[in-house]
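One structure is given below, encoded as structure tokens.
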Amino acid sequence: MNRLLIIGCGGVASVAIHKCCQNSEVFKEIMIASRTVSKCDALKAKLEGKTATKISTAKVDADNVDELVALIESYKPDAVLNLALPYQDLTIMDACLKTGVHYIDTANYEAEDTEDPAWRAIYEERCERLGFTAYFDYSWQWAYEEKFKEAGLTALLGTGFDPGVTSVFAAYAKKHYFDTIDTIDILDCNGGDHGYPFATNFNPEINLREVSAPGSYFENGKWVEIPAMSIKREYNFEGVGMKDMYLLHHEEIEALARNMPEVKRIRFFMTFGQSYLTHMKCLENVGLLRTDAIEFNGQQIVPIQFLKALLPDPASLGPRTVGKTNIGCIFTGKKDGKERKIYIYNVCDHQECYKEVESQAISYTTGVPAMIGAMMVLNGDWLKPGVFTTDEFDPDPYMDALNKWGLPWVVDENPVLVD
Ligand code: NDP
């Protein structure tokens, strides 16, 4: 298998496409398809002549299953890599099932219209039953398990950095370092500075919806939800230094809690500077983070979508961003009856990423694992019928690929723990 259809041509897709083109032995042919085909054509023009990968482009509206099916039937890919938005996950999965191709993405399904009564009824029942109120969760995509199994197809969910690499780190820790894991703390630190008063590092709508929502963590078999940004810790990150970090809800917690039920506590922390938080609070207070449509001058507008149009395009941050990211997981548990703790992390330099693929490290740390996940499926290392997250396969070939393709990792066997 060596033919991949990539949907979306934004910040993450651009990196994944650069990496596929560096890896032409696996990715012999790719098609880049998005709403704005001129972006796909521009990227193709930039890469052609520098790679043995054959690139084609197409226009597609990934909200439309029939359009997707027609495109897949004409291009005949072995797999589809969804790098559009989480809103398109289900339509693309439906199209993959109809056409018999494998499916890969980096973020779990989220409804675009959170006021839709049919969606809301299911959402509210889930909030009640599980105890977390995030708009995104795995239930929608896990519901495709039987369909993918029956079709003999693989759906690989969430192969970005977090989720994605962080869950591979968990599988690797379990395989090589622990008999049982007791706690997992996932730490996402961005020490980068882009020089703007306020900008988001990936799609602003998805990013701001995520960080302005209540935080939550999983403890002793239950979700504990807290007000947004109400648990703060400090941590000294290798390559970055001391940073404030805040507990957020994050999607890999849900998958790890299901797949590693022995783990007693799973938390996720992300670093934010005070200026970012002040801007966000202000935007929230004036209503610009609202996701429901309002009437303005006779037109319906969604405030958060209007805000996105005002903010810098994340893809444009690359040349301006300096500093490093450090993302990883601290595990505690037992091996041969003894207590053990380890920290597996990657440090990535924004400017190095820019030199290599003209993107900042946030897109880079997501786009590289997206390419690796697609490679795992195409080369057969991670191929089994059903719907899976990245912790459900052998982590070793993926960990090797991280070292080879630009995200080398470190195991610290004596880390400072987060209290
Ligand atoms: P961008 O906004 O930069 O890019 C999104 C792309 O999707 C654009 O090319 C856009 O096209 C395209 N698109 C949107 N809607 C449609 C549609 N209906 N049909 C076809 N194409 C569409 O986003 P990012 O690159 O920052 O993020 C991409 C994905 O990566 C998101 O799902 C995000 O949640 C995920 N992500 C995952 C991370 C992880 O670590 N797991 C971290 C960061 C991001 P157009 O420009 O024409 O609108």
What is the one condition in (1) closer than 30 Å to VAL224 by Cβ; (2) buried (at least 24 other Cβ atoms within 10 Å of the Cβ); (3) more than 14 Å from the ligand (Cβ to nearest atom) that THR114 does not satisfy?
-> (2)
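If I ask for residues that are among the hydrophobic types (A, V, I, L, M, F, W, C) and more than 8 Å from the ligand (Cβ to nearest atom), which ones from the stretch 70-92 would you list?
ALA70, LEU71, ILE72, ALA79, VAL80, LEU81, LEU90, ILE92
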Tell me, which strands (runs of 3 or more DSSP E) lie completely within the stretch 159-244 with 2 or more residues that are touching a residue at least 40 places away in the same chain (Cβ under 8 Å) and among the aliphatic types (A, V, I, L, M)?
-> 180-190
Selected residue (only one of GLU128, GLU146 is away from the ligand (no atom under 16 Å from the Cβ), of a type in the set (Asp, Glu), over 22 Å from SER14 (Cα atoms) and touching a strand residue (DSSP E or B) at 6+ places or on another chain (Cβ under 9 Å)) | GLU146
Qualifying residue in the stretch 22-35 (condition: in a helix (DSSP H, G or I) and hydroxyl-bearing (Ser, Thr, Tyr)) = no
Return the total of residues in the stretch 49-69 being away from the ligand (no atom under 16 Å from the Cβ) and over 17 Å from ALA13 (Cβ atoms).
-> 4
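Restricting to the stretch 15-37, name every residue that is under 18 Å from the mean Cα position of the chain (by Cα) and either modelled with pLDDT under 95 or under 19 Å from ILE92 (Cα atoms) (or both).
Kept after step one, since they are under 18 Å from the mean Cα position of the chain (by Cα), are these residues of the stretch 15-37: 15-20.
Within the stretch 15-37, ALA16, ILE17 qualify.
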Do the conditions hold for SER212, that is, is it at pLDDT below 95 and within 16 Å of the ligand (Cβ to nearest atom)?
-> yes
Residue under evaluation GLN22, criteria (1) more than 14 Å from the ligand (Cβ to nearest atom); (2) in contact (Cβ under 8 Å) with a residue 60 or more places away in the chain; (3) in contact with a Leu (Cβ under 9 Å, 6 or more places away or on another chain); (4) not β-branched (Val, Ile, Thr), criterion not met | (3)
Kindly list, by first and then second residue, each pair from a residue in the stretch 123-151 that is basic (Lys, Arg) to a residue that is surrounded by 13 or more Cβ atoms within 10 Å (Cβ to Cβ) and assigned to a helix (DSSP H, G or I), limited to pairs with Cβ atoms under 6 Å and residues at least 6 apart or on different chains.
-> LYS147/LEU97
Among VAL347, VAL286, VAL263, VAL302, the single one that is buried (at least 17 other Cβ atoms within 10 Å of the Cβ), of a type in the set (Val, Ile, Thr) and over 20 Å from LEU248 (Cα atoms) is VAL347
Quick one: in the stretch 358-377, of everything that is within 8 Å of the ligand (Cβ to nearest atom) and of a type in the set (A, V, I, L, M), which residue is farthest from THR53 (Cα to Cα)?
-> ILE362
Tell me, yes or no, whether the stretch 285-299 has at least one residue that is basic (Lys, Arg) and within 16 Å of PRO204 (Cβ to Cβ).
-> yes
Quickly run through the stretch 183-236 and pick out the residues that are closer than 24 Å to LEU311 by Cα, aromatic (Phe, Trp, Tyr) and within 23 Å of the chain's Cα centre (by Cα).
-> PHE198, PHE202
In the stretch 314-327, is there at least one residue being over 24 Å from TYR217 (Cβ atoms) and without any contact (Cβ under 8 Å) to a residue 24 or more places away in the chain?
-> yes
Tally, over the stretch 376-392, of residues that are surrounded by 22 or more Cβ atoms within 10 Å (Cβ to Cβ) and part of a loop (DSSP other than H, G, I, E, B) = 1
Only unsatisfied item for ASP63, checking (1) in a helix (DSSP H, G or I); (2) under 23 Å from LYS147 (Cβ atoms), is (1)
Is there a residue being basic (Lys, Arg), under 22 Å from GLN88 (Cα atoms) and either at pLDDT below 95 or in contact with a helix residue (DSSP H, G or I) (Cβ under 6 Å, 6 or more places away or on another chain) (or both) anywhere in the stretch 149-172?
-> no
Tell me, which residue of the stretch 36-60 that is hydroxyl-bearing (Ser, Thr, Tyr) and not in a strand (DSSP E or B) is surrounded by the most Cβ atoms within 10 Å (Cβ to Cβ)?
-> THR53
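Would you call THR133 away from the ligand (no atom under 14 Å from the Cβ), in contact with a Pro (Cβ under 8 Å, 6 or more places away or on another chain) and of a type in the set (S, T, N, Q)?
When the stated conditions are applied, THR133 passes them.
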In the stretch 93-104, which residues are surrounded by fewer than 24 Cβ atoms within 10 Å (Cβ to Cβ) and either within 20 Å of SER14 (Cα to Cα) or charged (D, E, K, R) (or both)?
-> ASP94, LYS98
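The values are calculated or read from the model by the stated rules, or taken from the named source; none is laboratory data. From a predicted model like this one, the values you see are computed outputs, not experimental measurements. When we count neighbours, we look across all protein chains shown, and the Cβ atoms used for this are built from the backbone with ideal geometry, even at glycine.
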